[in-house]
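The next block holds one structure in the form of structure tokens; read it before the comments.
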Amino acid sequence: MRNTFSGEFCDLIVTSPPYNVGVAYNSTDDVLSYEDYLKFTEKWLGNCYYWTKNSGRLILNIPLDKNKGGQKSVGADITAISQKVGWKYHSTIIWNEGNISRRTAWGSFMSASAPYVIAPVELILVLYKNEWKKIGGTRISDISKKEFMDWTSGVWTFNGESKKRIGHPAPFPKELPYRAIKMFSYVGDVVFDPFSGSGTTTLVAALHNRIGMGLDIDEQYCNLAKNRLSIELNLLKMGKQNYAEDFTK
Ligand SMILES: C[S@@+](CC[C@H](N)C(=O)[O-])C[C@H]1O[C@@H](n2cnc3c(N)ncnc32)[C@H](O)[C@@H]1O
């Protein structure tokens, strides 16, 4: 896997790995033992570290907790593993998805016997390779004052994406890579997603004058990503969409 690319090529990684919660992906079943899941995590985080430039960043969307099949501190465990393989910690953004439908598992309802506590949020870790201050690149930032002020607050509130609309079992919304790319990369930077799925990161990167690169184990998802990209880029060329839109609306 490490040899897929030779050496350091990315300025920014924006990704969301499989959560190991039994999502029905085409090519993987998403049900490893927790120990094997952490080993898998260590491996891909190590590869991404190797592929990232010295002042490159990793914006990593992961769960806070795992409730299915036993309670696990996934967010804390992945944060620790990322530092074990070399990533430096910068901060954690809380993504408030507003997904109240998750509040179905109560454990022992209205009893202290064994209640469940589930936060309807996910984490977005902000990590970097060696230097936090960006070196090289165009030095052109395209973030507005309002975006910068709003997004540096560290709690991001916007909805998740519809699986049906996108045709993938676990897409994230465009808003996530949109904010990450605008905040943490320069125009012209290489933005990579090693778990590209329906290609949301590469799509947003291309729409905002970055070089998007994506990998996925599943060929069908790669084709889906290519189709999304060609449809949206064509629409953009024809002037039918405004990509300065506010995705939270
Ligand atoms: C959470 S989804 C990513 C969704 C993506 N952010 C989007 O917006 O569509 C995780 C993706 O990882 C892919 N995947 C699982 N194991 C993989 C592996 N070992 N290497 C590459 N891709 C893998 C799955 O096929 C799935 O598309």
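The values are calculated or read from the model by the stated rules, or taken from the named source; none is laboratory data. Since this is a predicted model, take the numbers as computed values, not measurements. In this analysis, Cβ positions are derived from the backbone assuming ideal geometry, glycine residues included, and neighbour counts consider all displayed protein chains.
Pairing residues of region 199-222 that are under 20 Å from S144 (Cα atoms) with residues that are within 10 Å of the ligand (Cβ to nearest atom) and at pLDDT below 95, at Cβ distances under 7 Å and at least 6 apart in sequence or on separate chains, gives no pairs at all. Would it be correct to say that F192 is touching a Cys at 6+ places or on another chain (Cβ under 7 Å) and modelled with pLDDT of 95 or more? Yes: the conditions hold for F192. Here F148 passes the criteria (1) free of Cβ contacts under 8 Å to residues at least 24 places away in the same chain; (2) out of contact with any Phe, Trp or Tyr (no Cβ under 6 Å at 6 or more places or on another chain) except the one numbered (1). Just one of (1) closer than 17 Å to G75 by Cβ; (2) surrounded by fewer than 14 Cβ atoms within 10 Å (Cβ to Cβ); (3) in contact (Cβ under 8 Å) with a residue 12 or more places away in the chain fails for I124. It is (2).
Examine region 175-186 for a residue that is over 21 Å from L127 (Cβ atoms) and either within 13 Å of the ligand (Cβ to nearest atom) or surrounded by 14 or more Cβ atoms within 10 Å (Cβ to Cβ) (or both), and state whether such a residue exists. Scanning region 175-186, I find no residue that is over 21 Å from L127 (Cβ atoms) and either within 13 Å of the ligand (Cβ to nearest atom) or surrounded by 14 or more Cβ atoms within 10 Å (Cβ to Cβ) (or both), so the answer is no. Assessment of region 161-172 against the conditions (modelled with pLDDT of 95 or more, touching a strand residue (DSSP E or B) at 6+ places or on another chain (Cβ under 9 Å) and away from the ligand (no atom under 16 Å from the Cβ)) yields no matching residue. The condition (being of a type outside the set (K, R) and surrounded by fewer than 19 Cβ atoms within 10 Å (Cβ to Cβ)) is satisfied by just one residue among G69, G56: G69. Taking the conditions exactly as written (within 12 Å of the ligand (Cβ to nearest atom) and either without any contact (Cβ under 8 Å) to a residue 60 or more places away in the chain or surrounded by fewer than 14 Cβ atoms within 10 Å (Cβ to Cβ) (or both)), does N26 satisfy them or not? Considered against the rule, which asks whether it is within 12 Å of the ligand (Cβ to nearest atom) and either without any contact (Cβ under 8 Å) to a residue 60 or more places away in the chain or surrounded by fewer than 14 Cβ atoms within 10 Å (Cβ to Cβ) (or both), N26 comes out as yes. The set of residues in region 213-222 being of a type outside the set (S, T, Y) and within 12 Å of the ligand (Cβ to nearest atom) consists of G214, L215, D216, I217, D218, E219, Q220, C222.
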